[in-house]
Amino acid sequence: MGPLLYKPAPRWQVLAAFGGALAIHGIAVAVAFHKEPPPVDTSNIPTATIEATLDQPPADEPTPPPEDIPVPETPPPPDIQPEFREEQTPPPKTTKITRQPIKAPQVAGPPRPPGTMTASGAKAVAVSAPRPEYPYEARSRHITGSGVALLTVDVASGSVIEATMAQSIGNGILDNAALSAFKRWRFKPGACAPRVKIPITFTMTGASY
């Protein structure tokens, strides 16, 4: 007969045995703690009845008006003080003085004659004023007419520089006779105008102006 060898039990048998022991222990604990409480006697507890009623006001009494709630008065607005503004004094106005040039005093001289002088004015300042002659040829042919002569005078000397007919008499003989006489006229120096207009008329009795 050979030697005896120890063989351990299979693992599943060990686990099955361990699980069975835990199950038995749990059942025993549950039975020990599970006990029914003793019945309660409710016969001696008193009962109470509660009745609820609503107090209604009598129908004859009128409903009082709502009380007037006073409205709080609005406080007056605070006085707003104007902002302080510094018054600015305008700068003083400066008066501009315009200085005008001082003119040298002018020496008063003799009054200057106007630009054009009439026959009456020219006669007043004339030194020599010969009358035009009526030519014999024009007289024999009874030629007459009127015109205006214009004299250009040198104011400083008073002599006639030029004589022309501003308005012809209508006949060359009479125009030449008038101009020949007016060229010999002489005036006071500085008293006559630069121009002198002299109307002249030739009739059968002679020349007149």
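Bear in mind these aren't lab numbers, they're just calculated from the coordinates by the rules spelled out. Computed from a predicted structure; not experimentally measured. Glycine also receives a Cβ, built like all others from the backbone with ideal geometry; neighbour counts cover every protein chain displayed.
Laid out as a table, the results:
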{"quantity": "Subset tally (residues that are part of a loop (DSSP other than H, G, I, E, B) and β-branched (Val, Ile, Thr)) for region 118-155", "calculated": "4"}
{"quantity": "Residue ID - farthest from ARG141 (Cα to Cα), chosen from residues in region 198-209 that are touching a residue at least 60 places away in the same chain (Cβ under 8 Å) and loosely packed, with under 13 Cβ neighbours inside 10 Å", "calculated": "GLY206"}
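Residues checked against (1) in contact (Cβ under 8 Å) with a residue 40 or more places away in the chain; (2) more than 16 Å from SER120 (Cα to Cα); (3) not in a strand (DSSP E or B):
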{"position": "SER157", "(1), (2), (3)": "no, yes, yes"}
{"position": "ILE161", "(1), (2), (3)": "no, yes, no"}
{"position": "ILE169", "(1), (2), (3)": "no, yes, yes"}
{"position": "ASP175", "(1), (2), (3)": "no, yes, yes"}
{"position": "ARG184", "(1), (2), (3)": "yes, yes, yes"}
{"position": "GLY190", "(1), (2), (3)": "yes, yes, yes"}
{"position": "ALA193", "(1), (2), (3)": "yes, no, yes"}
{"position": "VAL196", "(1), (2), (3)": "yes, no, no"}
